[in-house]
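A.B. asks: I have a structure I would like to understand better, so I am pasting it below and will then ask my questions one at a time.
The values are calculated or read from the model by the stated rules, or taken from the named source; none is laboratory data. Note that the coordinates shown come from a computational prediction; the quantities given were computed from them, not determined experimentally. Virtual Cβ from ideal backbone geometry, glycine too; neighbours counted across all protein chains shown. The protein model used for the area step is the full one, side chains on, heavy atoms only, and it has no ligands, DNA or RNA in it. Shrake-Rupley method; radii C 1.70, N 1.55, O 1.52, S 1.80 Å.
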Amino acid sequence: MKKTDTRTGINAWITPPSGCSWSRLLVRMLWLSLFPLTLLTVEWAAANPRAVETIYSRRVYPFISQAWGFLFGWVPFSAFEILVYAALLLTAGLVVYTLVRVVAGPHRLYRLANLVVGLALAATVLYAMFIGFWGLNYHRMPLADRLGWDARPSSAGELADLCEELILRANAIRMTLPDDENGVVAPSLAKEEVLALIPAAYEKLSDTIEWMGGRYAAPKPVLASRLMCFTEITGIFSPFTLEANVNVAVPYPLLGATAAHEAAHQRGFAREDEANFIAFMACRASDDAYLAYSGLLLAAIH
């Protein structure tokens, strides 16, 4: 005779499905201890920028970024973009499926708790990966200190003189670039070809600043670039695939500087102001007139 489940009411809510147990769920929750451990690591890094610079940013991170990034460098499109779409669909499907099971069937409390723990674990692991793969670079020594420069506030007159010089240089290069019938700079290279110029620009920069070089993949175009424009985001660096991703729908004159900016993040420079300055230096070091013009525009705007 087939046995029937006589558990009703709150008992049916609490009892886990066959093959599952509350004790196993509690063991899984132990992995959440990774979150406070990661926070402690960040606190240590914030208090020890010189150690972060010497140990992590100059030794550990270049190895991770070039070895791990090499795996995704062979992919002609942004692997990060595809993974984001897949993760969003998977997460949404899992949440909807679990909520339906919670409403329609037994074991409701366990299924809901399992979903919450699973999402918390995923967030914890992603945060730990973010910090370990790249995020510690936020706490490295300032770029000016690494270069031995005296970074101080500038006077209004100094800024005005610099702005005038940048404009004069940009105008001089602009006269050598092709334009369309409206007098706007027209691309002589496909956008993918512009992105491919970036590694060579950084290699040229490494002639004067040695640690700017390295075997890094070229920035990649975002497939949904036009949709990305609605977010006003021109590029994004993925600390999980270590790819520099660029919104190729940005105005052509700034495409090169945008790509160089994301490539600066790829090389371990997390701060936005430093990435902008490094992008300017890389574009200026390039032999390509368009890249030099794009970098000068970026500098003049800032």
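A.B. asks: Inspect all residues belonging to the range 190-210 and state whether any of them is farther than 17 Å from Ala279 by Cβ and of a type outside the set (D, E, K, R).
C.D. replies: yes
A.B. asks: Let me ask something additional. Find the helices (runs of 4 or more DSSP H) located wholly in the range 137-256 whose residues include 2 or more that are charged (D, E, K, R) and within 20 Å of Gly295 (Cα to Cα), and list them.
C.D. replies: Details: elements: 143-147, 156-174, 191-196, 198-205, 225-229.
Filter on the range 137-256 gives 156-174, 191-196, 198-205.
A.B. asks: Further, regarding this structure: Only one residue in Val84, Val96, Val117 is closer than 30 Å to Leu143 by Cβ and either at pLDDT 85 or above or surrounded by 14 or more Cβ atoms within 10 Å (Cβ to Cβ) (or both). Which one? I'd like the intermediate steps shown before the answer.
C.D. replies: Values: Val96 fails: closer than 30 Å to Leu143 by Cβ; Val117 fails: closer than 30 Å to Leu143 by Cβ.
After applying the criteria, what remains is Val84.
A.B. asks: Moving on. Looking at this structure, is Leu223 farther than 29 Å from Arg58 by Cα, at pLDDT below 95 and touching a Leu at 6+ places or on another chain (Cβ under 7 Å)?
C.D. replies: Values: farther than 29 Å from Arg58 by Cα: yes; at pLDDT below 95: yes; touching a Leu at 6+ places or on another chain (Cβ under 7 Å): no.
In short, no.
A.B. asks: Filter the range 266-281 for residues that are under 17 Å from Tyr293 (Cα atoms) and touching a residue at least 40 places away in the same chain (Cβ under 8 Å) and give the result. Give the derivation first.
C.D. replies: Let us first name the residues in the range 266-281 that are under 17 Å from Tyr293 (Cα atoms), namely 276-281.
Phe277, Ile278, Met281, listed by residue number.
A.B. asks: Working carefully through the options Leu254, Leu223, find the one that is touching a helix residue (DSSP H, G or I) at 6+ places or on another chain (Cβ under 7 Å), among the aliphatic types (A, V, I, L, M), under 23 Å from Leu296 (Cβ atoms) and open to solvent by 30 Å² or more (accessible area, probe 1.4 Å). Step through it out loud before you land on a result.
C.D. replies: On the way: Leu223 fails: under 23 Å from Leu296 (Cβ atoms).
When all the criteria are applied, what remains is Leu254.
A.B. asks: Looking at the structure I just gave you, is Leu25 of a type outside the set (Lys, Arg) and either exposed (fewer than 14 other Cβ atoms within 10 Å of the Cβ) or at pLDDT 85 or above (or both)? Explain how you work it out, then say what you get.
C.D. replies: Values: of a type outside the set (Lys, Arg): yes; either exposed (fewer than 14 other Cβ atoms within 10 Å of the Cβ) or at pLDDT 85 or above (or both): no.
No: the conditions fail for Leu25.
A.B. asks: Just wondering, is there one or more residues in the range 257-273 that are part of a helix (DSSP H, G or I) and surrounded by fewer than 22 Cβ atoms within 10 Å (Cβ to Cβ)?
C.D. replies: Let us first name the residues in the range 257-273 that are part of a helix (DSSP H, G or I), namely 257-266, 272-273.
If we keep only those that are surrounded by fewer than 22 Cβ atoms within 10 Å (Cβ to Cβ) as well, we get 272-273.
For the range 257-273, residues part of a helix (DSSP H, G or I) and surrounded by fewer than 22 Cβ atoms within 10 Å (Cβ to Cβ): present.
A.B. asks: Identify all residues within the range 224-245 that are out of contact with any Asp or Glu (no Cβ under 6 Å at 6 or more places or on another chain) and touching a residue at least 24 places away in the same chain (Cβ under 8 Å); write none if there are none. Walk me through it before giving the result.
C.D. replies: If we filter the range 224-245 for residues that are out of contact with any Asp or Glu (no Cβ under 6 Å at 6 or more places or on another chain), which is where we start, we get 224-234, 236, 238-243, 245.
Matches in the range 224-245: Ala224, Ser225, Thr234, Ile236, Ser238, Pro239, Phe240, Thr241, Leu242, Glu243, Asn245.
A.B. asks: Would you mention how many residues in the range 122-164 are surrounded by 11 or more Cβ atoms within 10 Å (Cβ to Cβ), without any contact (Cβ under 8 Å) to a residue 12 or more places away in the chain and among the hydroxyl-bearing types (Ser, Thr, Tyr)?
C.D. replies: Summing the residues that are surrounded by 11 or more Cβ atoms within 10 Å (Cβ to Cβ), without any contact (Cβ under 8 Å) to a residue 12 or more places away in the chain and among the hydroxyl-bearing types (Ser, Thr, Tyr) in the range 122-164 gives 1.
A.B. asks: Going by the structure shown, is Thr41 modelled with pLDDT under 85 and hydroxyl-bearing (Ser, Thr, Tyr)? Outline the logic, then answer.
C.D. replies: Working: modelled with pLDDT under 85: no; hydroxyl-bearing (Ser, Thr, Tyr): yes.
Against the criterion (modelled with pLDDT under 85 and hydroxyl-bearing (Ser, Thr, Tyr)), Thr41 does not qualify.
Yes or no, residue by residue, for (1) closer than 30 Å to Ala151 by Cβ; (2) under 16 Å from the mean Cα position of the chain (by Cα); (3) at pLDDT 95 or above:
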| site | (1), (2), (3) |
| --- | --- |
| Arg169 | yes, no, yes |
| Met175 | no, no, no |
| Glu181 | no, no, no |
| Ser206 | yes, no, no |
| Gly213 | yes, no, no |
| Phe240 | no, yes, no |
| Ala257 | yes, no, yes |
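A.B. asks: A further question follows. Starting from the range 44-56, keep only residues that are modelled with pLDDT of 95 or more, then list their pairs with residues that are loosely packed, with under 13 Cβ neighbours inside 10 Å whose Cβ atoms are within a distance under 9 Å, requiring at least 6 positions of separation or different chains.
C.D. replies: Pairs that qualify, where the first residue is modelled with pLDDT of 95 or more and the partner is loosely packed, with under 13 Cβ neighbours inside 10 Å, are Val52/Ala46.
To keep it simple, each residue is scored yes or no on (1) out of contact with any Lys or Arg (no Cβ under 7 Å at 6 or more places or on another chain); (2) closer than 23 Å to Asp180 by Cα.
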site: Pro239; (1), (2): yes, no
site: Leu242; (1), (2): yes, no
site: Val248; (1), (2): no, yes
site: Ala264; (1), (2): yes, no
site: Ala282; (1), (2): yes, no
site: Asp288; (1), (2): yes, yes
site: Ala292; (1), (2): no, yes
site: Leu297; (1), (2): yes, yes
